[in-house]
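Colleague: Take this structure first; my questions come after.
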Amino acid sequence: MPKKLNIDSLSSEITTVNELLQSAHQAGDIVGEMQLEHRLNELTKKLEALREKNIIDNSASIALFFGGQPVLGSKGIAAEFAGLALEQFQNLIAKVFATSEVGELGERGKVPLKGNSELMVTGLARGSFGFVLDEMSEQSELEASQMSHVIDKAAFILRDTAAQDDAIFESLLDDLDSRTLIALKDLFANLDKNKATIRVVENDLDFTLDVAAVHRARVRTEATSIDEKTIEIEGTLVGFLPEHKKFELRDKKQNLIYGSATKEAVEQFLKATESVIGKKCLVKVSVKTVAPLNRPSKDVMRLIEFLRLGETQ
């Protein structure tokens with residue numbers, strides 16, 4: 001269960017125990033007071049440990065609360081809507097995970113490492129109707145797992161896609177590929193069509209997308225296109241920052257080309273036996289053309305690999 005939900009649950013239970021303790025004191029119930037004080041001490045220690053992040057299990061966990069037309073308070077949720085929404089959220093997680101591991105995805109074909117990104121529904125969340133989703137792992141993590149970082153990223157993508165400021169959404173597009181955009185589009189279309197809301201709780205993050213925010217996100221994702229192609233460019237390597245995965249290249253027409261680089265390209269650069277800055281090279285580059293709503297399109301470059309590296313001019 002996400003840390004914030006655990007904290008909220010413990011805080012609520014502490015409030016209840018305090019009220020019972022006060023009633024026991026007023027009634028002169030000495031035994032009841034002792035039992036409640038012991039329980040209060042246990043709960044307080046657990047809460048302090050959580051707030052200090054003194055926990056062993058750092059595996060990924062997220063809670064999704066749904067509201068609106070498909071939900072009847074905390075009593076129930078339309079099965080067809082819930083099943084599809086969870087499937088679409090899992091699809092988004094799979095795309096974000098694959099992108100973080102292998103780079104931008106192809107327009108078609110199987111999603112790489114999909115089995116490694118599967119979450120399990122481990123419980124129902126209290127309050128409005130919701131689900132707790134946890135990483136499929138039998139071991140406790142000493143540090144935050146890779147899936148934990150992926151869920152972080154997916155949660156921020158959901159939030160920023162529905163942000164009131166268009167610029168916040170547009171800032172996401174440099175890092176999104178077409179298949180992740182489609183996953184977002186499908187999820188928000190389902191929510192909007194059913195006049196549903198969604199609240200996301202993950203680690204310290206807690207936000208709600210109301211009907212207006214969901215509709216805004218649907219309009220944006222449906223009006224945005226991402227087209228990708230792969231080309232080869234011959235030129236001179238002007239700069240390369242392996243720690244930031246950034247490159248600069250000047251082509252034969254003296255155009256300056258810059259963008260991000262894959263893990264493979266970084267490894268090739270680091271393995272070079274001599275300095276290759278200022279030397280000729282042939283590179284394979286992914287060109288992503290992003291066309292957001294009511295904005296001119298722009299090209300985003302990603303260096304996939306060096307085909308030739310370190311040639312003397």
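Colleague: Where residues in the range 243-280 are surrounded by fewer than 15 Cβ atoms within 10 Å (Cβ to Cβ), closer than 22 Å to residue 177 by Cβ and of a type outside the set (Asp, Glu), which of them is modelled with the lowest pLDDT?
Modeller: Ranking the qualifying residues of the range 243-280, first place goes to 263.
Colleague: Regarding residue 285, is this residue over 25 Å from the mean Cα position of the chain (by Cα) and crowded, with 18+ Cβ neighbours inside 10 Å?
Modeller: Values: over 25 Å from the mean Cα position of the chain (by Cα): yes; crowded, with 18+ Cβ neighbours inside 10 Å: yes.
Considered against the rule, which asks whether it is over 25 Å from the mean Cα position of the chain (by Cα) and crowded, with 18+ Cβ neighbours inside 10 Å, residue 285 comes out as yes.
Colleague: Right, another one. Would you pick out the residues in the range 47-70 that are modelled with pLDDT under 80 and at positive phi?
Modeller: 53
Colleague: So which helices (runs of 4 or more DSSP H) are wholly in the range 166-252 and hold at least 1 residues that are free of Cβ contacts under 8 Å to residues at least 60 places away in the same chain and within 27 Å of residue 125 (Cα to Cα)?
Modeller: Numbers: elements: 166-172, 178-193, 211-223.
So the answer is 178-193, 211-223.
Colleague: Now, a different point. Is it fair to say residue 196 is in the same structural domain as residue 129 (by TED's automatic domain parsing), surrounded by fewer than 16 Cβ atoms within 10 Å (Cβ to Cβ), modelled with pLDDT of 95 or more and more than 14 Å from the chain's Cα centre (by Cα)? If you could, list the steps in order and put the result at the bottom.
Modeller: Numbers: in the same structural domain as residue 129 (by TED's automatic domain parsing): yes; surrounded by fewer than 16 Cβ atoms within 10 Å (Cβ to Cβ): no; modelled with pLDDT of 95 or more: yes; more than 14 Å from the chain's Cα centre (by Cα): yes.
Against the criterion (in the same structural domain as residue 129 (by TED's automatic domain parsing), surrounded by fewer than 16 Cβ atoms within 10 Å (Cβ to Cβ), modelled with pLDDT of 95 or more and more than 14 Å from the chain's Cα centre (by Cα)), residue 196 does not qualify.
The values are calculated or read from the model by the stated rules, or taken from the named source; none is laboratory data. Not measured: the values here are computed from a predicted model. Glycine gets a Cβ as well: all are built from the backbone with ideal geometry, and neighbour counts include every protein chain shown.
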